[in-house]
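Reading through the structure tokens given below for one structure.
The values are calculated or read from the model by the stated rules, or taken from the named source; none is laboratory data. Quick caveat, the model's predicted, so the values are computed rather than measured. Note: ideal-geometry Cβ built from the backbone for every residue, glycine included; neighbour counts use all protein chains shown.
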Amino acid sequence: MSGIGITLRALHDGERDLEHDLLAAAERHRTEHEFHHVATDVARWSREHATRLARIGPGHGVELSGPRDHSSPGALAALREKAAEALGRRPGTGLLLLHDLRELHLAAVRNSLHWEMLAQAAQAARDQPLLDLVSACHPQTLRQMRWTNTMIKVLSPQLLTSV
Amino acid sequence: MDSSDRIANPWGPRTPYAPGSPWPVRTDMHLAEGITEEDVERWAQSASVLHSNGDAMDIAVRGGRIVGVRGRAVDRVNRGRLGPKDLYGWQANHAPDRLTRPLVRENGRLVETDWDTAMARVVSRTRHLLDERGPGAVGFYTSGQLFLEEYYTLAVLAHAGIGTSHLDGNTRLCTATAAEALKESFGSDGQPGSYEDVDHADTIALFGHNVAETQTVLWMRMLDRLEGADPPRLVCVDPRSTPVARRADVHLAPRPGTNVALLNALLHEIIRTGRTDRAYIEAHTVGFDELASRVERCTPAWAAGICDVPAAQIERAAEILGDARRLLSTVLQGVYQSHQASAAAVQVNNLHLVRGMLGRPGCGLLQMNGQPTAQNTRECGADGDLPGFRNWQNDQHVAELARIWNVEPDRIPHHGPPTHAMQIFRYAEQGSLGMLWITGTNPAVSLPELARIRSILAQERLFVVVQDLFLTETAQLADVVLPAATWGEKTGTFTNTDRTVHLSEKAVEPPGEARPDLNIFLDFAARMDFRDKDGGPLIGWHDPEGAFAAWQRCSAGRPCDYTGLSHDRLRGGSGIQWPCTEEAFDGTARLHSDGFAHAHPDVCESYGKDLVTGATVTPVEYRSLNPDGKAVIKAAEYLPPHEDTSPDHPLQLITGRTVYHFHTRTKTGRVPELNAAAPDVWAEISPAEAAAQGLSDGDLVQVTTPRGAIRARLRTTAVRDGVVFVPFHYGYWDTPAGFRPADDVPGRAANETTITDWDPVSKQPLYKTAAARLTLVSRRDAPRSGTVDGSDGTAGSGA
């Protein structure tokens with residue numbers, strides 16, 4: 001497998017995981033309404049990225065499965081939602097949210113670095129389809145990073161000093 | 001029709017006029033039964049506080065009581081006209097159940113007390129929380145109905161006295177998206193257009209703005225143009241068949257929640273057909289190429305699939321907008337309270353930027369306000385922003401403010417954006433906020449998902465102070481209730497949607513021990529003994545004129561410069577539009593006539609946000625994008641709504657207003673004419689939708705969403721199929737349960753059903769994007785008398 005193939009696989013898996021983690025965190029923090037809704041919105045970007053990476057994979061010698069199937073929320077998700085409602089009134093839940101935001105941010109940074117590697121390689125190899133893919137997707141990964149960073153900035157003062 | 005019955009005919013008789021000529025005068029007046037103009041002892045100058053239009057009026061006084069109102073013919077805004085709420089609404093001042101003494105909670109019940117006792121409780125709880133937990137434990141939630149002098153005083157005491165960033169107004173519900181859209185496109189808040197643009201426009205486009213009911217006098221102006229020579233063409237975007245829609249050349253009725261898709265298609269067509277002003281775009285904007293590529297695939301056919309509007313209608317609307325030579329656009333809650341609020345409002349700005357239609361007569365843009373003094377909430381910083389449209393990310397702006405207040409810069413919280421209302425309530429729910437001081441607003445009826453809001457306000461661990469005229473639903477949940485004076489009982493200034501500043505004079509004494517909000521804030525500041533860095537009082541003024549003078553110093557050099565104004569200058573003549581300085585002494589009709597100086601990185605109020613996530617743009621990013629201060633064309637992709645219909649909830653729920661009521665009916669519900677015109681809640685669906693469910697007009701139905709349910713009488717109107725509309729004004733103060741639904745029966749407040757979701761950019765709650773089902777409770781009983789049935793074209797919001 002080529003270096004590009006290995007990187008495509010790493011990024012594909014990273015986007016799959018990030019979609020899953022965003023949706024799981026959205027359920028866990030249902031009572032943090034803005035986080036819940038925006039996390040669900042930006043998870044859609046990771047899903048689209050995984051789909052498009054899977055489409056381009058075979059050309060670089062890798063078979064990728066694409067995004068996970070999440071047709072039914074399942075019993076576990078329902079349980080998480082219930083737990084979220086109950087925990088929403090406890091100040092300590094705020095710390096859990098900051099923890100989740102930090103992990104989501106780091107996962108997005110990891111994906112962003114893989115996009116950067118692919119962009120550089122695509123230019124060196126004059127691989128226009130790959131460059132087009134990076135140009136279309138990488139800005140959205142950067143937006144996921146800016147969003148998680150903004151949320152951490154906005155929430156930290158209250159959650160770390162007033163609890 | 002009797003033209004003096006302004007319930008039956010809210011807009012009165014026509015005074016047609018031609019483009020470019022002044023709007024004729026028509027003086028409206030309503031006096032109490034048996035009183036004539038000769039009986040009036042004194043007229044006190046004022047303007048309307050029951051909507052955002054700023055209609056100037058004089059208050060008639062006889063024997064120490066208000067006995068009526070008369071429009072001010074000299075004023076630029078209304079030229080003498082008044083709407084039904086203004087003609088009749090003053091009677092609420094004399095309602096027998098006005099609060100006249102402070103109340104405190106003793107053993108679970110609110111009991112009367114004196115001011116000293118009530119204020120001592122507020123001060124001791126504030127001090128305790130500041131000592132134990134710091135300023136982040138104290139929050140303020142104010143209004144769009146106080147006066148400028150009061151907001152500025154509140155902003156100084158919250159920002160620099162308490163040192164909290166938890167300060168917002170209920171303007172968050174009505175006008176936050178207007179402010180945000182202006183910041184995103186033009187770098188700073190500030191209404192670009194002027195009402196005089198109605199006199200010059202050849203095309204008027206209204207986006208989610210039922211002006212006929214929300215600003216009746218502005219609609220009178222438009223109607224007079226429509227009836228005169230060379231009338232303007234009208235484009236209306238609204239899922240309901242409003243009076244505006246019925247007069248429109250093109251009426252687009254998109255599915256709720258799809259405004260961005262529709263606007264992107266309109267922009268697509270205008271760009272595709274070359275109806276852009278390339279020279280203007282080059283000279284005055286950045287970001288056009290990104291917009292062009294973003295909307296490249298947003299064809300009318302694509303949008304038709306999402307919005308359920310025929311592609312040909314979208315093309316026709318784009319032609320009219322694209323061919324306009326003097327285009328006036330207005331935007332209100334159909335955009336601001338719907339999914340992707342800011343992203344959609346910004347696309348209307350883009351329409352004007354790509355067509356070069358700003359800063360000239362008739363080329364106007366009005367991102368409307370909902371409430372009468374919302375503009376002052378925003379500019380004075382009572383919505384949490386730094387006063388004078390200063391930028392919390394710009395250290396120079398913070399330092400300047402610190403100099404004006406004579407405090408150290410680190411005394412002013414600026415480590416992050418201010419905490420918006422919905423987040424303040426979240427902090428209260430989660431327990432990190434220990435005190436919430438609510439002034440002049442009624443969140444127990446006006447915020448989404450009321451069961452949640454009631455449970456937050458009722459918490460033992462949250463100390464709630466409510467300052468209001470009446471024992472509102474919210475006041476009934478308070479620990480301390482402070483009786484406030486209102487319009488006509490105090491002096492101050494306020495500013496309407498098109499930046500017109502009016503003086504409102506005291507006409508009569510407030511009832512009992514009620515006090516002006518300004519006096520209450522000053523009393524609190526004195527008791528808290530807030531000091532500046534030299535040990536002097538932080539707040540050195542004692543009356544409205546002193547507060548106005550302090551605000552003038554704060555506004556100097558900023559976009560909302562008031563230095564040329566004074567109470568004296570505003571007395572006698574017309575209201576004046578800010579900025580008003582020595583150089584622009586007569587005020588300023590339009591902003592951006594020669595470029596976008598307020599968008600310069602050193603000047604701008606905001607560096608902007610991501611239109612999907614709300615993530616803040618950094619100063620460095622903004623400086624490299626827009627180094628010279630041009631207008632920013634920001635593109636946005638359409639996202640599906642967060643709550644869509646399902647087999648369980650097949651309808652889309654939207655809430656809204658009627659011409660006869662304001663906010664939660666605190667005043668208008670106590671006015672006989674207005675209350676009789678729209679006494680109770682109703683639910684509106686299309687005749688086809690009703691037929692499909694076997695329902696008819698007058699049936700009692702239940703509207704249910706995943707949050708809760710309400711019961712209402714059914715009205716069938718020409719609303720889109722698949723949509724149910726419910727007016728949001730109705731609460732419980734005039735029902736036996738007082739502040740909540742009766743036990744075991746669904747209530748009548750629309751917000752029992754609405755979703756807790758807000759635009760991540762402006763933080764405005766979304767009242768127009770939820771899924772619901774409608775079921776029959778019981779058939780229509782015998783015809784009721786005394787109610788308006790909504791079928792005559794003017795009644796309620798069926799109009």
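Looking only at region B:638-662, filter to residues that are among the hydroxyl-bearing types (Ser, Thr, Tyr) and within 20 Å of B:Asp238 (Cβ to Cβ); which one of those is nearest to the other protein chains (Cβ to nearest Cβ)?
Keep residues of region B:638-662 that are among the hydroxyl-bearing types (Ser, Thr, Tyr), which gives B:638, B:645-646, B:655, B:658, B:660.
Subset that is within 20 Å of B:Asp238 (Cβ to Cβ): B:638, B:645, B:655, B:658, B:660.
Details: B:Tyr638: 12, B:Thr645: 17, B:Thr655: 18, B:Thr658: 28, B:Tyr660: 32 Å.
Only one residue fits best here, namely B:Tyr638.
Looking at region A:17-38, is at least one residue touching a His at 6+ places or on another chain (Cβ under 6 Å), farther than 16 Å from A:Leu101 by Cβ and either of a type outside the set (Gly, Ala, Ser) or within 14 Å of chain B (Cβ to nearest Cβ) (or both)? No, region A:17-38 contains no residue that is touching a His at 6+ places or on another chain (Cβ under 6 Å), farther than 16 Å from A:Leu101 by Cβ and either of a type outside the set (Gly, Ala, Ser) or within 14 Å of chain B (Cβ to nearest Cβ) (or both). Restricting region B:554-573 to residues that are assigned to a loop (DSSP other than H, G, I, E, B) and among the basic types (Lys, Arg), the residue that is nearest to the chain's Cα centre (by Cα) is B:Arg558. When region B:757-778 is filtered for residues that are within 16 Å of B:His649 (Cβ to Cβ) and at the interface with chain A (Cβ under 9 Å from one of its Cβ atoms), only B:Asp757 remains. Against the conditions (1) touching a helix residue (DSSP H, G or I) at 6+ places or on another chain (Cβ under 8 Å); (2) within 16 Å of B:Pro443 (Cα to Cα), B:Arg715 satisfies every one except (2). Each residue in region B:445-466 was checked for being buried (at least 18 other Cβ atoms within 10 Å of the Cβ) and either without any contact (Cβ under 8 Å) to a residue 24 or more places away in the chain or of a type in the set (A, V, I, L, M) (or both), and 10 pass. Out of B:Ala507, B:Ala526, B:Ala514, B:Ala428, one residue alone is in contact with a Pro (Cβ under 6 Å, 6 or more places away or on another chain) and either surrounded by fewer than 24 Cβ atoms within 10 Å (Cβ to Cβ) or touching a residue at least 60 places away in the same chain (Cβ under 8 Å) (or both). It is B:Ala514.
Which residues, taken from region A:2-30, are without any contact (Cβ under 8 Å) to a residue 60 or more places away in the chain and either of a type in the set (Val, Ile, Thr) or closer than 18 Å to A:Val109 by Cβ (or both)? I'd like the intermediate steps shown before the answer.
Just the residues of region A:2-30 that are without any contact (Cβ under 8 Å) to a residue 60 or more places away in the chain, to begin with: A:2, A:5-6, A:9, A:12-13, A:16, A:19-20, A:23-24, A:26-27, A:30.
Listed by number, the residues that qualify are A:Ile6, A:His12, A:Asp13, A:Arg16, A:Glu19, A:His20.
Apart from one condition, B:His598 fits all of (1) touching a Pro at 6+ places or on another chain (Cβ under 7 Å); (2) away from chain A (no Cβ under 14 Å); (3) over 20 Å from B:Ala399 (Cα atoms); the exception is (3). Only one of the numbered conditions (1) in contact (Cβ under 8 Å) with a residue 60 or more places away in the chain; (2) not charged (D, E, K, R); (3) not assigned by TED's automatic domain parsing to the domain that holds B:Asn170 is not met by B:Cys380, and that is (3). For region B:621-630, check the following and say yes or no: at least one residue is in contact with a Leu (Cβ under 9 Å, 6 or more places away or on another chain) and not in a loop (DSSP other than H, G, I, E, B). No - not one qualifying residue is present in region B:621-630. Check A:Pro139 against each of (1) within 12 Å of chain B (Cβ to nearest Cβ); (2) under 30 Å from B:Leu457 (Cβ atoms) and name the one condition it does not meet. Only one criterion in (1) within 12 Å of chain B (Cβ to nearest Cβ); (2) under 30 Å from B:Leu457 (Cβ atoms) is unmet by A:Pro139, namely (2). You will find that of B:Ser329, B:Ser338, the residue that is part of a loop (DSSP other than H, G, I, E, B) and surrounded by 24 or more Cβ atoms within 10 Å (Cβ to Cβ) is B:Ser338 and no other. Against the test of being aliphatic (A, V, I, L, M), more than 20 Å from B:Glu213 (Cβ to Cβ) and surrounded by 23 or more Cβ atoms within 10 Å (Cβ to Cβ), the options B:Val726, B:Val703 yield a single qualifying residue, B:Val703. Considering only residues of region B:413-441 that are away from chain A (no Cβ under 14 Å) and of a type in the set (Val, Ile, Thr), which is nearest to B:Gly139 (Cα to Cα)? Here the answer is B:Ile438. Restricting attention to region B:403-410, does a residue exist that is free of Cβ contacts under 8 Å to residues at least 40 places away in the same chain, away from chain A (no Cβ under 14 Å), surrounded by fewer than 23 Cβ atoms within 10 Å (Cβ to Cβ) and farther than 21 Å from B:Val123 by Cα? Yes, region B:403-410 has at least one match. Taking (1) hydroxyl-bearing (Ser, Thr, Tyr); (2) part of a helix (DSSP H, G or I); (3) modelled with pLDDT under 95 in turn, A:Thr51 satisfies each apart from (3).
Scanning region B:33-52 for residues that are in contact with a strand residue (DSSP E or B) (Cβ under 9 Å, 6 or more places away or on another chain) and part of a loop (DSSP other than H, G, I, E, B) returns B:Ile35, B:Val40, B:Glu41, B:Ser48, B:Val49. Entry remark, region B:387-444: residues being part of a helix (DSSP H, G or I), among the aromatic types (Phe, Trp, Tyr) and over 20 Å from A:Ser156 (Cβ atoms) number 1 in total.
Give the residue, chosen from B:Leu482, B:Leu538, that is touching a residue at least 12 places away in the same chain (Cβ under 8 Å) and surrounded by fewer than 23 Cβ atoms within 10 Å (Cβ to Cβ). Even if it seems obvious, please write down each step before you answer.
Values: B:Leu482 fails: surrounded by fewer than 23 Cβ atoms within 10 Å (Cβ to Cβ).
It is B:Leu538.
For (1) in the same structural domain as B:Ala615 (by TED's automatic domain parsing); (2) among the small types (Gly, Ala, Ser), each residue gets a yes or a no:
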site	(1), (2)
B:Glu150	no, no
B:Thr153	no, no
B:Phe186	yes, no
B:Ala229	yes, yes
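Here the condition is being under 25 Å from B:Val726 (Cα atoms), touching a strand residue (DSSP E or B) at 6+ places or on another chain (Cβ under 6 Å) and part of a loop (DSSP other than H, G, I, E, B); of B:Pro239, B:Pro254, it holds for B:Pro239 alone.
For region B:77-155, the strands (runs of 3 or more DSSP E) that sit wholly inside it and include 3 or more residues that are surrounded by 17 or more Cβ atoms within 10 Å (Cβ to Cβ) are B:138-142.
Taking the criterion of being in contact (Cβ under 8 Å) with a residue 60 or more places away in the chain and hydrophobic (A, V, I, L, M, F, W, C), the residues of region A:102-121 that qualify are A:Leu104, A:Ala107, A:Ala108, A:Trp115, A:Met117, A:Leu118, A:Ala121.
Flag: B:Thr754 matches the condition of being among the β-branched types (Val, Ile, Thr) and modelled with pLDDT of 50 or more.
Would you call B:Asp743 surrounded by fewer than 24 Cβ atoms within 10 Å (Cβ to Cβ), in contact (Cβ under 8 Å) with a residue 24 or more places away in the chain, outside any strand (DSSP E or B) and among the acidic types (Asp, Glu)? Lay out the reasoning, then the answer.
On the way: surrounded by fewer than 24 Cβ atoms within 10 Å (Cβ to Cβ): yes; in contact (Cβ under 8 Å) with a residue 24 or more places away in the chain: no; outside any strand (DSSP E or B): yes; among the acidic types (Asp, Glu): yes.
Here the answer is no, as B:Asp743 does not meet what is asked.
In region B:15-30, the residues that are farther than 15 Å from B:Leu218 by Cα form no Cβ pair under 8 Å with any partner that is in a loop (DSSP other than H, G, I, E, B) and at pLDDT below 95, whether six or more places apart or across chains. Taken over region B:169-187, residues that are among the small types (Gly, Ala, Ser), under 15 Å from the mean Cα position of the chain (by Cα) and not in a strand (DSSP E or B) amount to 4.
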